[in-house]
Amino acid sequence: MCGIFGCILKSGNAAPIIHKALKRLEYRGYDSVGEATIYEGKLLVKKDKGKIDEVHAAHNLDDLPGRIGLGHTRWATHGGPSETNAHPHGDCETQVMVVHNGIIENFLELKNELEEMGHVFKSKTDTEVISHIVEEELKEGCSLADAVRNAVEKLDGSYAIAVISNKEPDKIVCARKESPLVIGVANDAVYCASDIPAFLPLTNTAVIVEDGELVVLDDKGYEVRKISDRILVSREPTIIDWSPEMAEKQGYPHYMLKEIHEQPLCLRNTLRLQEQYLDLMTTFLDRAGEVFLVACGTSYHACLAASYIFSKLAMLATHPIIASEFVEQHGRAINIDSVLLAVSQSGETADTLEAVQCARERAATVLGLTNVIGSTLTRVARAYVCQQSRPEIGVAATKTFTSQLSVLSQLALRLAKKRGKVSHVEIEQLEEKLQQIPDIVERLLEAQEGQIKKLARKYRDKKCFFFLGRGISSSSALEGRLKLLEIAYAPAIAFPAGESKHGPISLIEPGFPVIFVCPRDGTHKTIRSNIMEMKARGASIIAVIEEGDEAIKGMADDYVEIPKGLPEVLSPIPYVIPLQLFAYYMATERGCDPDQPRNLAKSVTVK
Ligand code: M6R
């Protein structure tokens, strides 16, 4: 995922302004950076791998002439971080430059067609196809706006793009589908960007571009049209009254809350993974003598949930292991037939990498699931897939959990299909549900946040919490507990609910809050008994339940309802959302900073 920026100044050089704007967008990605300007009829480009400050030190990003230009800060998805894969991307004739945020799903088909027509590609990115299609359209005599419009009509996937060309050197053409794009309007300039903070110190007048719209920027300002029928859209600018700090968080008080709300978008992105990576990983999993799912913290909880999913769908038994225990527990037992699927948002967690190293030394196959292409995990894994959740800044992992689960579910579904273990009808139903999950999460966030805030206020002074779930929901319970204790400093205990009567229940006394995660799945009847056991001892029951679950509603002191009709294997994705929000609001109620909890770091690179 990436940040894009473009500007047209009435006078002066665009490059220093682009450079500063990219710094404000750096949170969106920082593995490579690039700029392009138009000067005396030529396109000039500077780009390289590395953080913005590193690339600036090596190339002086301010030193490009021209009053019109584009910039890009990259979070690699297709093609590792490198100078050639850095944006902007040009065509064969260097007449066009494109910056892009999003994923073009059909880029391989388009690339093959273009190569057959004689186009030569420099990068491994999906973006470069756009430059070559625009080149073709310009050759046919189209205006730049029409060329971009015709190009985006060929694209499947998501994009916010900005395009310049020396054929029409006074314009920037941008378009949007499912990736954010905003326009900034000032007296002496017009800007386009992935988000408002990029231009906020320059202007607080913004125009939000909607999906399916194309915008032409020039000295006169901006013109918005629908891509489908070219109809002119009249849209008045909005005045933004955010402070620069609020703007970075897009108006949310903390990154954690912003990231919780980004989950629908990230989940949509996980549904656009490249098939060949998933297929390759599936092949390795299918052939494996044994499979270890290895991770720490939240990523470990995703592995735990995945072990239920692999077992239920693909009849594959896997071992979810906390990475720091892997070498001691299994180090000597693994061999050439073992597969270790390492799951790590950062791809840099020392404990996870130690397990990976041990597996490699014993000739096992290492697979990776990570958010950071170019991280150590992507360099050492035999095959890897990206969880597509964009940079996560809050120390508490939120979108990481749900994105990883979506990817792991897709792997399990593929394996199930390959092994013929589940009927085609069931697979199709699950695939359909997976597609609906982003919308379900979106509605859930809209509907439940206010109520969860009230719950946090009610329970904020409680000294200790229990989180219980059965089956796959025991992983959601563990994750809810980790969130609460790490950011609200509330001691919390989580067990599979059946285990509580083997010891933990002795802690229960009147008013002790017990949070149950109970979708209406095969464990529903038994978990009701577990709720009764707690209630009988005076516990306060907070239940996350399926909409209309009257049986549990009748037993609970408080409940949060999740939409009906979710298959058991996908339930942790929506059921964890109320737990994330509860932890967040408990932290703010207790005066804790959810983004930077004490003693913790986002990436734990020590053992
Ligand atoms: O980058 P990773 O996914 O490997 O990180 C693993 C853990 O350090 C991480 O999930 C940590 O537990 C978070 N603070 C959880 O919110």
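Restricted to the stretch 295-407, the set of helices (runs of 4 or more DSSP H) holding at least 3 residues that are more than 13 Å from the ligand (Cβ to nearest atom) and under 30 Å from Lys433 (Cα atoms) comprises 297-314.
Report whether or not Leu566 is away from the ligand (no atom under 16 Å from the Cβ) and assigned by TED's automatic domain parsing to the domain that holds Tyr489. First the steps, then the outcome.
Working: away from the ligand (no atom under 16 Å from the Cβ): yes; assigned by TED's automatic domain parsing to the domain that holds Tyr489: yes.
In short, yes.
Evaluate the following for Gly34: is it in the same structural domain as Val216 (by TED's automatic domain parsing), open to solvent by less than 50 Å² (accessible area, probe 1.4 Å) and closer than 21 Å to Arg390 by Cβ? Working first, answer last.
Numbers: in the same structural domain as Val216 (by TED's automatic domain parsing): yes; open to solvent by less than 50 Å² (accessible area, probe 1.4 Å): yes; closer than 21 Å to Arg390 by Cβ: yes.
Judged against the criteria, Gly34 is a match.
With respect to (1) crowded, with 20+ Cβ neighbours inside 10 Å; (2) farther than 28 Å from Thr125 by Cβ, the lone exception for Val356 is condition (2). Of the set (1) over 30 Å from Ala488 (Cα atoms); (2) in contact with a helix residue (DSSP H, G or I) (Cβ under 8 Å, 6 or more places away or on another chain); (3) open to solvent by less than 30 Å² (accessible area, probe 1.4 Å); (4) more than 16 Å from the ligand (Cβ to nearest atom), all apply to Phe292 but (4).
For Asp195, are the conditions met, namely being of a type in the set (Asp, Glu) and surrounded by 19 or more Cβ atoms within 10 Å (Cβ to Cβ)? Steps first, answer last, please.
Working: of a type in the set (Asp, Glu): yes; surrounded by 19 or more Cβ atoms within 10 Å (Cβ to Cβ): yes.
Against the criterion (of a type in the set (Asp, Glu) and surrounded by 19 or more Cβ atoms within 10 Å (Cβ to Cβ)), Asp195 qualifies.
Residues that are in a loop (DSSP other than H, G, I, E, B) and over 15 Å from Ile17 (Cβ atoms) within the stretch 56-82 comprise Trp75, Ala76, Thr77, His78, Gly79, Gly80, Pro81, Ser82, listed in sequence order.
Limited to the stretch 313-338, what total is found for residues that are among the acidic types (Asp, Glu) and within 22 Å of Leu411 (Cα to Cα)?
Filtering the stretch 313-338 down to residues among the acidic types (Asp, Glu) leaves 325, 328, 337.
Right, trim to within 22 Å of Leu411 (Cα to Cα) and you get 337.
So the answer is 1.
Val96 meets the conditions (1) at pLDDT 95 or above; (2) aliphatic (A, V, I, L, M); (3) open to solvent by 10 Å² or more (accessible area, probe 1.4 Å) in every case but one. The failed one is (3). The residues of the stretch 332-346 that are in contact with an Asp or Glu (Cβ under 9 Å, 6 or more places away or on another chain) and not polar (S, T, N, Q), listed by number, are Ala333, Ile334, Asp337, Val339.
Given the condition open to solvent by 60 Å² or more (accessible area, probe 1.4 Å), under 28 Å from the mean Cα position of the chain (by Cα) and in the same structural domain as Ile393 (by TED's automatic domain parsing), answer yes or no: does some residue in the stretch 327-338 qualify? Checked the stretch 327-338: no residue is open to solvent by 60 Å² or more (accessible area, probe 1.4 Å), under 28 Å from the mean Cα position of the chain (by Cα) and in the same structural domain as Ile393 (by TED's automatic domain parsing). Residues in the stretch 50-80 that are surrounded by 21 or more Cβ atoms within 10 Å (Cβ to Cβ) and closer than 26 Å to Leu108 by Cα: 8 in all. The listed residues are Lys433, Lys458, and the only one of them that is within 18 Å of Gln580 (Cα to Cα) and open to solvent by 10 Å² or more (accessible area, probe 1.4 Å) turns out to be Lys458.
Among the residues of the stretch 103-120, count how many are touching a strand residue (DSSP E or B) at 6+ places or on another chain (Cβ under 9 Å) and open to solvent by 10 Å² or more (accessible area, probe 1.4 Å). Residues in the stretch 103-120 being touching a strand residue (DSSP E or B) at 6+ places or on another chain (Cβ under 9 Å) and open to solvent by 10 Å² or more (accessible area, probe 1.4 Å): 4 in total.
Yes/no matrix, rows are residues, columns are (1) at pLDDT 95 or above; (2) within 29 Å of the chain's Cα centre (by Cα); (3) not assigned by TED's automatic domain parsing to the domain that holds Ala15:
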position: Val129; (1), (2), (3): yes, yes, no
position: His132; (1), (2), (3): yes, yes, no
position: Glu136; (1), (2), (3): yes, no, no
position: Ile161; (1), (2), (3): yes, yes, no
position: Pro169; (1), (2), (3): yes, no, no
position: Gly184; (1), (2), (3): yes, yes, no
position: Asp188; (1), (2), (3): yes, no, no
position: Val207; (1), (2), (3): no, yes, no
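Would you point out which residue out of Glu486, Glu499 is closer than 24 Å to Ser299 by Cβ, open to solvent by less than 40 Å² (accessible area, probe 1.4 Å) and part of a helix (DSSP H, G or I)?
Values: Glu499 fails: open to solvent by less than 40 Å² (accessible area, probe 1.4 Å).
Only one candidate qualifies: Glu486.
Picking from residues in the stretch 133-164 that are within 16 Å of Gly212 (Cα to Cα) and small (Gly, Ala, Ser), the one that is most open to solvent (accessible area, probe 1.4 Å) is Ala145. For Val215, the criteria (1) of a type outside the set (S, T, N, Q); (2) crowded, with 16+ Cβ neighbours inside 10 Å; (3) at pLDDT below 90; (4) farther than 30 Å from Ala396 by Cα hold in every case but one, which is (3).
Every condition in (1) part of a helix (DSSP H, G or I); (2) open to solvent by 80 Å² or more (accessible area, probe 1.4 Å); (3) within 22 Å of Glu83 (Cα to Cα) holds for Ile130 except the one numbered (2). Pairs are defined by a Cβ separation below 7 Å, a sequence spacing of at least 6 or placement on different chains, a first member in the stretch 475-490 that is modelled with pLDDT under 95, and a second member that is open to solvent by less than 10 Å² (accessible area, probe 1.4 Å) and not charged (D, E, K, R); no pair meets this definition. Select from the stretch 585-607 the residues that are at pLDDT below 85 and more than 10 Å from the ligand (Cβ to nearest atom) and write down the one among them that is nearest to Lys249 (Cα to Cα). By that ranking, first place goes to Gln596. The numbered conditions (1) outside any helix (DSSP H, G or I); (2) open to solvent by less than 40 Å² (accessible area, probe 1.4 Å) are all true for Asn13 except (2).
Here Ser529 does not fit the description of being under 19 Å from Ala488 (Cβ atoms) and small (Gly, Ala, Ser). Restricting Lys421, Lys417 to those that are in a loop (DSSP other than H, G, I, E, B) and more than 16 Å from the ligand (Cβ to nearest atom) reduces the list to Lys421.
Out of Lys154, Lys167, I need the residue that is within 25 Å of Gly66 (Cα to Cα) and among the charged types (D, E, K, R). Which one? Give the steps one after another, and end with the answer.
Working: Lys154 fails: within 25 Å of Gly66 (Cα to Cα).
Only one candidate passes the filter, namely Lys167.
The values are calculated or read from the model by the stated rules, or taken from the named source; none is laboratory data. None of these values were measured; they are calculated from a predicted model. A quick note on method: Cβ atoms are made from the backbone with ideal geometry, for glycine too, and the neighbour counts reach across all protein chains shown. SASA here: full protein model, heavy atoms, side chains in, ligands and nucleic acids out. Shrake-Rupley method; radii C 1.70, N 1.55, O 1.52, S 1.80 Å.
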